[in-house]
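Structure record follows, encoded as structure tokens.
The values are calculated or read from the model by the stated rules, or taken from the named source; none is laboratory data. Worth saying up front: this structure is predicted, and the values here are computed from it rather than measured. All Cβ positions, even for glycine, are placed from backbone atoms using ideal geometry, and neighbour counts span all protein chains on display.
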Amino acid sequence: MRPAGLYHRYARFLPAIGGAGPLDLGQGFTPLVQSRSIGPQAGIADLRFKLEGLNPTGSYKDRFAGLAIGLARAAGISECVATSSGNTGAALAGFCAAAGMRCTLYVSENAPAGKLEQMLAYGATVYCVERFTLDAEESVRIAAVLRAEAAARGLELQVTAYAACPVPMEGIKTLAYELHEQAPDVSDVFLPVGGGGLHVAVSRGFADLAGEGSLARSPRMHAVQPAGNDTVVTPLRSGAAKARAVSTSTSISGLGVAHVLDGTVVMGHARATGGQGYLIDEDGIRTVQRRLAAEEGILVEPAGAVAVAGALDAAARGELPATSGPVVCVLSGHGFKDPATMRAMGAVSGAHRIARADIPASLAR
């Protein structure tokens with residue numbers, strides 16, 4: 001039997017909503033599965049994967065969307081305006097469709113076709129904005145224009161960042177509560193970082209549990225980024241006080257966020273828990289993506305492989321204590337989100353064409 005609705009189960013930690021409350025499409029309660037191959041090969045005794053790609057629209061952003069659209073409905077709002085590099089837009093478009101709300105999305109110009117098609121399939125109006133999320137200064141200017149336009153219409157611009165939308169972001173904390181129930185002795189959590197909201201939300205969730213006395217101490221919260229979007233990792237490792245804006249060059253969808261949103265807060269949570277930062281090149285990320293599919297049977301988009309790449313880097317550096325408990329990697333989005341990457345993965349081997357008469361021979365190989 002499926003547990004009580006996500007937000008009802010953890011209501012003591014979440015903002016109260018009037019009216020019909022949060023919108024539940026079945027998000028949350030995603031599996032935590034143990035690595036059969038990648039972890040043992042790396043010398044990580046207990047490596048586990050949190051499969052966030054199994055949420056209704058295929059990413060952890062559904063935890064945000066259910067709360068965001070619930071808040072909007074309670075306020076009598078019938079339209080959603082949001083920015084996105086892909087998964088936020090897909091999540092909000094799906095939840096708006098379920099709520100009967102209009103949805104207008106302003107997305108990164110390099111959002112994968114699969115995510116754009118998903119948004120459009122839900123009925124959203126989508127605009128791809130040049131240089132948005134890629135150029136730090138331009139991104140700030142674009143966001144300011146959109147925020148002002150939304151406010152003029154009595155709307156809040158939906159952005160998955162605590163710096164912009166702190167109340168609906170609290171929905172993502174539910175990931176931490178689930179992890180605690182699934183692996184109470186988890187010692188390390190590796191999370192992909194773009195703008196940083198996921199890392200902050202999960203860190204805040206573990207802090208909630210510690211605050212009520214059900215958790216002795218938070219696990220170490222590690223931040224992992226693609227090398228082309230180093231807003232947090234180098235500042236974290238070098239002892240800097242703040243995250244930094246960059247001109248992003250990464251093609252890893254969802255993690256190319258050039259301007260600082262929640263990055264400095266990420267650094268604070270990482271340091272407070274003993275976490276570290278890991279910077280992974282794109283070839284390494286895509287190699288891990290292929291390994292997850294070929295060795296574990298788990299299909300993720302490139303961003304979904306980033307946390308695992310970070311855990312492998314930590315193990316190679318000797319930065320995971322041998323006596324640690326379960327090491328959890330959050331796999332943020334499903335592989336079907338990025339069809340171009342899937343085609344590239346399949347092209348490594350490719351399908352074999354045969355005639356019907358050759359079927360017996362093919363089975364003998």
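Looking at the structure I just gave you, is Ala309 touching a Gly at 6+ places or on another chain (Cβ under 6 Å) and either assigned by TED's automatic domain parsing to the domain that holds Ile44 or among the basic types (Lys, Arg) (or both)? Judged against the criteria, Ala309 is a match.
Is it true that some residue in segment 206-221 is more than 16 Å from Asp313 (Cα to Cα), within 18 Å of the chain's Cα centre (by Cα) and surrounded by 20 or more Cβ atoms within 10 Å (Cβ to Cβ)? Scanning segment 206-221, I find at least one residue that is more than 16 Å from Asp313 (Cα to Cα), within 18 Å of the chain's Cα centre (by Cα) and surrounded by 20 or more Cβ atoms within 10 Å (Cβ to Cβ), so the answer is yes. Among the residues of segment 140-184, the ones that are within 20 Å of the chain's Cα centre (by Cα) and within 22 Å of Glu109 (Cα to Cα) come to 6 in all.
Please work out which residue is modelled with the highest pLDDT, limiting yourself to segment 322-365 and to residues that are among the charged types (D, E, K, R) and assigned to a loop (DSSP other than H, G, I, E, B). Among those that are among the charged types (D, E, K, R) and assigned to a loop (DSSP other than H, G, I, E, B), it is Asp338.
Going by the structure shown, is Ala243 surrounded by 22 or more Cβ atoms within 10 Å (Cβ to Cβ) and under 18 Å from the mean Cα position of the chain (by Cα)? Criteria not met by Ala243. I need a count of the residues in segment 293-335 that are among the β-branched types (Val, Ile, Thr) and within 16 Å of Leu279 (Cβ to Cβ). Selection size over segment 293-335: 2. Being within 24 Å of His8 (Cα to Cα), assigned by TED's automatic domain parsing to the domain that holds Leu191 and surrounded by fewer than 24 Cβ atoms within 10 Å (Cβ to Cβ) is not true of Leu71.
Restricting the first member to segment 337-355 and to residues that are loosely packed, with under 10 Cβ neighbours inside 10 Å, and the second to residues that are modelled with pLDDT of 75 or more, the beta-carbon pairs closer than 8 Å and six or more apart or on different chains are Val348/Arg290; His352/Ser362. Can you tell me which residue is modelled with the lowest pLDDT among those in segment 257-290 that are in a loop (DSSP other than H, G, I, E, B) and in contact with a strand residue (DSSP E or B) (Cβ under 7 Å, 6 or more places away or on another chain)? The selected residue is Ala258. Would you confirm whether or not segment 101-108 contains a residue that is assigned to a helix (DSSP H, G or I) and touching a residue at least 12 places away in the same chain (Cβ under 8 Å)? No - not one qualifying residue is present in segment 101-108. Applying the set (1) in contact (Cβ under 8 Å) with a residue 40 or more places away in the chain; (2) within 26 Å of Gly5 (Cα to Cα); (3) buried (at least 23 other Cβ atoms within 10 Å of the Cβ) to Ile77 leaves exactly one unmet item: (3).
Close contacts from segment 123-148, counting a first residue that is closer than 18 Å to Gly254 by Cβ and a second that is part of a helix (DSSP H, G or I) and polar (S, T, N, Q), with Cβ to Cβ under 7 Å and a gap of 6+ residues or different chains, come to Phe132/Ser139; Thr133/Ser139. Among the residues of segment 45-55, some residue qualifies, meaning at least one is surrounded by fewer than 17 Cβ atoms within 10 Å (Cβ to Cβ) and part of a loop (DSSP other than H, G, I, E, B). When the residues of segment 320-336 are filtered to those that are among the polar types (S, T, N, Q) and closer than 29 Å to Gly254 by Cβ, the one that is surrounded by the most Cβ atoms within 10 Å (Cβ to Cβ) is Ser332. Filter segment 290-315 down to residues that are over 14 Å from Gly39 (Cα atoms) and either among the basic types (Lys, Arg) or in contact with a Ser or Thr (Cβ under 7 Å, 6 or more places away or on another chain) (or both), then give me how many there are. Of the residues in that region, 5 qualify. One residue alone among Val202, Val246 is in contact (Cβ under 8 Å) with a residue 60 or more places away in the chain, over 23 Å from Gln34 (Cβ atoms) and β-branched (Val, Ile, Thr), and that residue is Val246. Within segment 96-115, the set of residues being surrounded by fewer than 19 Cβ atoms within 10 Å (Cβ to Cβ) and at pLDDT below 95 comprises Glu109, Asn110, Ala113.
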